[in-house]
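Here is the structure we will look at.
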Amino acid sequence: MPTSPTLRDDWREAPHCRRLSQLHPHRTEILRRHDEALARNTPVYADPVSGFSVFTAEFLASRGYCCDSGCRHCPYVD
């Protein structure tokens, strides 16, 4: 079973820079969709480019562990 790493200090405010670059052309829209999903208390939002479902930081933190799948909003990435 995966271990429970420590949450990043800014896990609610920002995805890790290795998972979503400051220069990503759709960063603003991605963060808007993430914030809307958090406000609605839904675990996912649709990526604006691919349409794939992306887990929110809140959902990932509630699981209590990192799955090592490269999640955009992983609250545990160092």
Let me have the relative contact order for the chain, percent, based on Cα pairs under 8 Å that are six or more residues apart. 43
Write out the GluC sites (Glu not before Pro) in the chain meeting two conditions: DSSP loop, and at most 16 other Cβ atoms within 10 Å of their Cβ. Glu13
Residue-normalised accessible area of the chain, expressed per residue, 1.4 Å probe, Å²: 65
Most positive-pole-ward Cα, His16, Gly51, His26, against dipole of the chain from beta carbon charges: Gly51
Measure of exposure for Thr6: accessible area at 1.4 Å probe, Å² rounded to 10, is 110
Using the basic label-point model (7 angstrom from Cα toward the beta carbon), what is the Val44 to Gln22 distance in nanometres? 3.2
Compute the helix-to-body angle for 27-40: its Cα long axis versus the longest principal axis of the chain, expressed 0 to 90° and rounded to tens. 70
For a quick check of understanding: with a 1.4 angstrom probe and all protein chains in place, what accessible area in square angstrom does Val77 have, to the nearest ten? 10
Which semi-axis lengths, in whole Å and largest first, follow from the square roots of five times the eigenvalues of the Cα gyration tensor of the chain? 20, 14, 11
Chymotrypsin sites (Phe, Trp or Tyr not before Pro) lying in DSSP loop within the chain, provided at most 15 other Cβ fall within 10 Å: Phe52, Tyr65
Trypsin sites (Lys or Arg not before Pro), restricted to the stretch 1-57: which are DSSP loop and have at most 15 other Cβ atoms within 10 Å? Arg12, Arg18, Arg19
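State the percentage of accessible surface on the chain attributable to carbon and sulfur atoms; use a 1.4 Å probe and exclude ligands, DNA and RNA.
Heavy-atom surface of the chain belonging to carbon and sulfur, 1.4 Å probe: 53 percent.
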Taking H placed 1.01 Å from N in the peptide plane, check which residues at least 5 places from Val44 or on another chain put their amide H under 5 Å from its amide H. Thr56
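The values are calculated or read from the model by the stated rules, or taken from the named source; none is laboratory data. As the structure is a prediction and not an experimental result, all values here were calculated from the model. Glycine gets a Cβ as well: all are built from the backbone with ideal geometry, and neighbour counts include every protein chain shown. In case anyone asks, the SASA skips ligands and DNA or RNA and just uses the protein heavy atoms, side chains included. Shrake-Rupley method; radii C 1.70, N 1.55, O 1.52, S 1.80 Å.
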